[in-house]
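The values are calculated or read from the model by the stated rules, or taken from the named source; none is laboratory data. Source: prediction; values computed, not measured. With ideal geometry, Cβ positions are generated from the backbone for all residues, glycine too; neighbour counts draw on all protein chains shown. Each accessible area value is taken on the protein alone, full model and side chains, heavy atoms only, with ligands, DNA and RNA left out. Shrake-Rupley method; radii C 1.70, N 1.55, O 1.52, S 1.80 Å.
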Amino acid sequence: MDAKSIALLEFPSVRARLADATQFPPGQRLAEGLEPSTDPVVVARALQETDEARALLRERPGVGIGGAHDIGPPVGRAARGGRLDAAQFVSIAETLEAASRLAEALAGERRPLVRDLGRAIQPLPALRSVLERSFDPTGELLDSASPRLGGLRRAVRIAYERLRARLDTLVHSSELGSVLQEPIITLRNGRYVVPVRAEARGRVKGIVHDASGSGQTVFVEPLVAIELGNVWREAQLAEEVEIERILDELSALVGANAPALGATLEALARFDLWSAKARLAGEMDGTRAETSASTRIVLRGARHPGLSGRVVPIDVELGGDFTALVVTGPNTGGKTVTLRTIGLLCLMHQAGLHVPAEAGSELPILRDVFADIGDEQSVAQSLSTFSGHLRSITRIVDAAGPDTLVLLDELGAGTDPTEGSALAQALLDHFIRSGALVAATTHYAELKVYAHATPSARNASVEFDLETLSPTYRVSIGLPGTSHAFQIAERLGLPTVIVDDARSRLTEGQVAFEETLASIRRHEGEAVDALARARTMEARAAESRRQADEERRRARAERDEAVKAARLETERIVSSLRDEVRAARKRLEREAVTTTALDRIERTAEEHLAQLPSIEEPAPQPEAPVAVAWRVGMRARSRSRGWDGRIAALERGGRRATLEVGGMRVTVETDDLVPAGAASEPAPPARRPEAGSSGGSIPRLRLERARTVASSLDLRGARVDEALEMLGRYLDDAALAGLERATIVHGLGTGALRDAVRAAVASSPLVRSWRPGARGEGGDGATIVEL
């Protein structure tokens with residue numbers, strides 16, 4: 001698009017604000033390079049990026065790229081075989097950590113562009129782990145960076161400690177005490193030395209490394225410390241060689257992962273740009289303008305992004321019924337700001353940014369935007385104001401056409417008014433015929449008449465408050481404006497005689513024209529305002545419908561997900577219930593089922609069934625049963641089964657009861673119960689619960705067998721295999737009889753029978769716990785079993 005016009009419309013300032021909203025240099029560079037696009041697909045995607053990022057940050061403000069660095073240069077250096085330093089490795093590790101956090105945050109996103117961006121991030125956990133194991137957060141290389149580095153550093157420390165200890169002994173000895181300037185140890189040229197008085201130099205054997213400025217002191221490395229110093233230095237060199245090897249190895253590892261690191265850095269930069277667009281939209285209180293199918297501009301409540309303080313929004317339309325807009329009104333009334341707002345918001349829209357306007361605004365995808373705004377005069381180029389404008393307009397005339405926007409400030413100004421207005425009308429005719437959209441400001445009355453008489457043109461005006469002598473900045477489409485020169489002159493104190501003389505110099509045609517304009521404004525003002533309000537409401541209604549449709553789509557999606565989840569949960573519960581039933585059947589086949597076990601199986605089944613998601617339609621009842629407040633201990637009768645007994649327990653909030661019927665316990669719905677002896681429909685013949693019925697029913701034969709079970713079993717004198725068989729039968733019968741505790745007598749003997757019995761009861765599913773008998777219970781010759 002036209003670079004000069006982009007600059008005139010102040011798009012670079014918006015781009016600078018966007019760059020300031022980024023968080024690290026790669027994202028900043030993307031923001032600084034942002035340009036409006038003429039491709040509808042690119043524009044739609046860019047707008048969708050802003051939409052999704054804004055929604056994401058509204059829901060989760062903490063999501064971002066915090067901690068990421070511009071690792072492009074070091075990664076490029078490593079890819080070329082160069083060696084990186086510790087700080088660069090730390091910045092790579094921190095960037096990978098930030099990438100990992102962002103990828104994790106975006107993993108479950110429902111928004112497609114943000115989700116795909118998260119998938120493009122490659123956190124490289126292996127590389128990150130190696131770097132974190134090699135460097136601490138300050139960039140210090142850790143001993144764990146290689147198997148040898150720790151040992152080499154210990155050798156350096158040991159050599160240093162030996163050297164220091166030898167020198168400490170030497171400087172505090174009586175042998176050197178009289179020849180030293182001070183009893184200290186210092187470092188010169190990487191070697192430890194002692195300060196010796198110059199006149200006593202011959203008394204200390206060693207190497208002179210330095211001397212003081214006065215010459216009174218020489219710094220000598222004592223001969224006895226030279227070898228220890230050499231050992232220390234050799235250990236340092238070995239450490240340095242190993243460090244260089246580690247840095248080279250890690251640099252090669254980074255270079256090998258350069259493509260993945262580059263892709264991750266690019267993804268982080270794009271997310272940074274998207275987030276900056278979202279933050280900028282929030283700062284401007286912007287909205288996404290709808291992309292109009294035709295070349296039509298509709299701005300509702302639009303505000304120029306560069307204005308601060310109290311900004312008066314404007315409503316502007318261009319395109320559709322008319323393609324030329326002539327804006328008139330007093331100076332400083334906002335005419336030029338209106339042109340800049342139209343052009344800048346079009347550029348922002350095509351750059352994928354939300355615009356500071358209300359919902360219902362529409363903007364097209366333009367091929368180009370041209371602007372001639374400001375004073376183009378130049379002394380150096382011998383250009384007057386008129387010549388400067390004309391030179392710019394000539395360039396625009398050659399390029400304007402369909403899908404272009406032309407913005408002209410003070411069209412035809414700077415020359416003779418008669419010739420200037422004629423030239424302005426000819427230019428407007430040309431742009432209308434070329435198919436361009438054109439908006440121009442002027443003070444010429446002839447252009448107001450032109451806009452009123454030309455079907456493809458419309459008048460617009462900026463309003464002015466004569467009471468306060470200040471503009472209101474509101475724009476009215478369809479009404480021409482006036483300069484209010486005479487009224488302003490009077491309010492500012494110009495003598496009335498002069499103002500009246502000026503009015504008298506107007507021709508009758510000019511006076512009639514101004515009166516006509518005033519009449520038009522009075523009669524059309526209310527109609528225009530009403531139309532604007534209606535269109536605003538229509539746009540808001542359309543936005544509300546769009547939001548409602550979106551909510552319905554989201555609700556349908558959530559419902560489908562809920563149904564799917566419920567179906568999966570139902571299948572899981574039913575599968576678990578089948579497993580319980582199969583396990584119960586196997587225990588029945590082994591005759592290892594007890595009343596307690598059956599009750600537990602029933603409770604488990606009921607818990608599973610209670611979790612099943614269901615929508616129950618109430619079945620029609622022939623008659624409502626009499627409501628009874630059932631309590632434990634009351635006697636009741638089942639209407640469907642004829643069972644008569646005492647209520648032993650109530651479950652499910654009183655909706656299910658357990659009846660004691662002839663030594664048995666059965667479970668029935670309380671809706672099926674009537675008080676025992678109550679007059680109701682004839683009850684069916686009472687029958688005992690059958691095996692396999694709900695409530696833990698047990699076969700008659702096993703009940704009869706269970707009634708004769710004693711509370712203890714004596715196994716003394718039996719062999720181990722015989723005793724274990726007897727013990728198994730006894731535990732079954734005791735459990736069926738409902739015993740809570742039993743005593744197994746096995747005696748002391750060698751302990752073999754005792755150990756076998758206790759091992760058997762410990763592994764039995766019918767036994768809750770066991771313990772040796774206490775004093776009075778048979779001591780260690782008996783085992784007490786809790787069933």
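Residue check: is LEU84 of a type in the set (A, V, I, L, M, F, W, C), part of a loop (DSSP other than H, G, I, E, B), open to solvent by less than 20 Å² (accessible area, probe 1.4 Å) and farther than 19 Å from ALA267 by Cβ? Can you show your working first?
Numbers: of a type in the set (A, V, I, L, M, F, W, C): yes; part of a loop (DSSP other than H, G, I, E, B): yes; open to solvent by less than 20 Å² (accessible area, probe 1.4 Å): yes; farther than 19 Å from ALA267 by Cβ: yes.
Considered against the rule, which asks whether it is of a type in the set (A, V, I, L, M, F, W, C), part of a loop (DSSP other than H, G, I, E, B), open to solvent by less than 20 Å² (accessible area, probe 1.4 Å) and farther than 19 Å from ALA267 by Cβ, LEU84 comes out as yes.
Condition first: open to solvent by 80 Å² or more (accessible area, probe 1.4 Å) and over 10 Å from the mean Cα position of the chain (by Cα). Now tell me which residues in the stretch 53-80 satisfy that.
PRO73, ARG77, ARG80
Given the residues ALA225, ALA267, ALA293, ALA238, which is the only one that is part of a loop (DSSP other than H, G, I, E, B) and hydrophobic (A, V, I, L, M, F, W, C)?
Result of the check over ALA225, ALA267, ALA293, ALA238: ALA293.
Residues of the stretch 305-327 being outside any strand (DSSP E or B) and farther than 24 Å from ALA400 by Cβ, which ones?
Scanning the stretch 305-327 gives PRO305, GLY306, LEU307, SER308, GLY309, ARG310, VAL311, VAL312, PRO313.
Do we have PRO73 as within 22 Å of ILE121 (Cα to Cα), assigned to a loop (DSSP other than H, G, I, E, B) and out of contact with any Leu (no Cβ under 8 Å at 6 or more places or on another chain) here?
Spelling it out, it is not the case that PRO73 is within 22 Å of ILE121 (Cα to Cα), assigned to a loop (DSSP other than H, G, I, E, B) and out of contact with any Leu (no Cβ under 8 Å at 6 or more places or on another chain).
Give all pairs with beta carbons closer than 7 Å in which a residue from the stretch 327-342 that is at positive phi meets a residue that is modelled with pLDDT under 90 and among the aliphatic types (A, V, I, L, M); count only pairs at least 6 apart in sequence or on separate chains.
Listed by first residue and then by second, the contacts come to GLY329/VAL462; GLY334/VAL462.
Can you pull out the residues in the stretch 23-52 that are open to solvent by less than 20 Å² (accessible area, probe 1.4 Å) and within 21 Å of GLU109 (Cβ to Cβ)?
Within the stretch 23-52, GLY27, ALA46, LEU47, THR50, GLU52 qualify.
Would you call ALA706 open to solvent by 40 Å² or more (accessible area, probe 1.4 Å) and either among the hydrophobic types (A, V, I, L, M, F, W, C) or at pLDDT below 50 (or both)?
No.
Could you look through the stretch 736-757, keep only residues that are among the hydrophobic types (A, V, I, L, M, F, W, C) and outside any helix (DSSP H, G or I), and pick out the one that is surrounded by the fewest Cβ atoms within 10 Å (Cβ to Cβ)?
Within the stretch 736-757, the match that is surrounded by the fewest Cβ atoms within 10 Å (Cβ to Cβ) is LEU748.
Just to be sure I understand, how many residues within the stretch 399-417 are assigned to a loop (DSSP other than H, G, I, E, B) and either modelled with pLDDT of 90 or more or in contact with a helix residue (DSSP H, G or I) (Cβ under 9 Å, 6 or more places away or on another chain) (or both)?
So the count comes out to 11.
Only one of LEU325, LEU345, LEU318 is modelled with pLDDT of 95 or more and within 18 Å of ARG474 (Cα to Cα); which? Quick ask: steps written out before the conclusion?
Values: LEU325 fails: modelled with pLDDT of 95 or more; LEU318 fails: modelled with pLDDT of 95 or more.
After applying the criteria, what remains is LEU345.
Can you tell me which of (1) surrounded by fewer than 20 Cβ atoms within 10 Å (Cβ to Cβ); (2) touching a Lys or Arg at 6+ places or on another chain (Cβ under 9 Å) is the one ARG101 doesn't meet?
So ARG101 meets the others, but not (2).
Hey, any hits in the stretch 205-228 for a residue that's hydrophobic (A, V, I, L, M, F, W, C), touching a residue at least 60 places away in the same chain (Cβ under 8 Å), in contact with a strand residue (DSSP E or B) (Cβ under 8 Å, 6 or more places away or on another chain) and open to solvent by less than 60 Å² (accessible area, probe 1.4 Å)?
Among the residues of the stretch 205-228, at least one is hydrophobic (A, V, I, L, M, F, W, C), touching a residue at least 60 places away in the same chain (Cβ under 8 Å), in contact with a strand residue (DSSP E or B) (Cβ under 8 Å, 6 or more places away or on another chain) and open to solvent by less than 60 Å² (accessible area, probe 1.4 Å), which makes the answer yes.
Among the listed residues ALA200, ALA278, identify the single one that is part of a helix (DSSP H, G or I), open to solvent by less than 60 Å² (accessible area, probe 1.4 Å) and more than 30 Å from LEU102 (Cα to Cα).
Just one listed residue meets the conditions, ALA200.
Only residues that are hydroxyl-bearing (Ser, Thr, Tyr) and closer than 27 Å to ARG80 by Cβ: list them for the stretch 234-289, please.
SER251, THR264 - these are the residues of the stretch 234-289 that are hydroxyl-bearing (Ser, Thr, Tyr) and closer than 27 Å to ARG80 by Cβ.
Condition first: at pLDDT 80 or above and buried (at least 18 other Cβ atoms within 10 Å of the Cβ). Now tell me which residues in the stretch 473-500 satisfy that.
Within the stretch 473-500, VAL475, ILE477 qualify.
For the stretch 266-292, enumerate the residues that are touching a strand residue (DSSP E or B) at 6+ places or on another chain (Cβ under 9 Å) and of a type in the set (Gly, Ala, Ser).
ALA281, GLY286, ALA289, SER292, listed by residue number.
Here is a list of conditions, (1) over 30 Å from ASP248 (Cα atoms); (2) crowded, with 18+ Cβ neighbours inside 10 Å, and PRO123 meets all of them except one; can you say which number that is?
Going through the list (1) over 30 Å from ASP248 (Cα atoms); (2) crowded, with 18+ Cβ neighbours inside 10 Å, PRO123 breaks only (1).
Pick from the stretch 766-787 the residues that are surrounded by 12 or more Cβ atoms within 10 Å (Cβ to Cβ) and within 58 Å of the chain's Cα centre (by Cα): which of them is farthest from LEU715 (Cα to Cα)?
ARG768
Quick check on this structure: which one of VAL298, VAL312, VAL327, VAL316 is open to solvent by 10 Å² or more (accessible area, probe 1.4 Å) and not polar (S, T, N, Q)? Write out each step before concluding.
Numbers: VAL298 fails: open to solvent by 10 Å² or more (accessible area, probe 1.4 Å); VAL327 fails: open to solvent by 10 Å² or more (accessible area, probe 1.4 Å); VAL316 fails: open to solvent by 10 Å² or more (accessible area, probe 1.4 Å).
Every option except VAL312 fails the conditions.
How many residues are under 16 Å from LEU280 (Cα atoms) and aliphatic (A, V, I, L, M) when one looks only at the stretch 64-97?
So the count comes out to 0.
Taking strands (runs of 3 or more DSSP E) that fall entirely within the stretch 561-661, which contain at least 1 residues that are modelled with pLDDT under 80, in contact with an Asp or Glu (Cβ under 8 Å, 6 or more places away or on another chain) and open to solvent by less than 70 Å² (accessible area, probe 1.4 Å)?
644-651, 656-661
If a residue has to be open to solvent by less than 70 Å² (accessible area, probe 1.4 Å) and more than 21 Å from GLY229 (Cα to Cα) to count, how many in the stretch 173-197 make the cut?
Of the residues in that region, 4 qualify.
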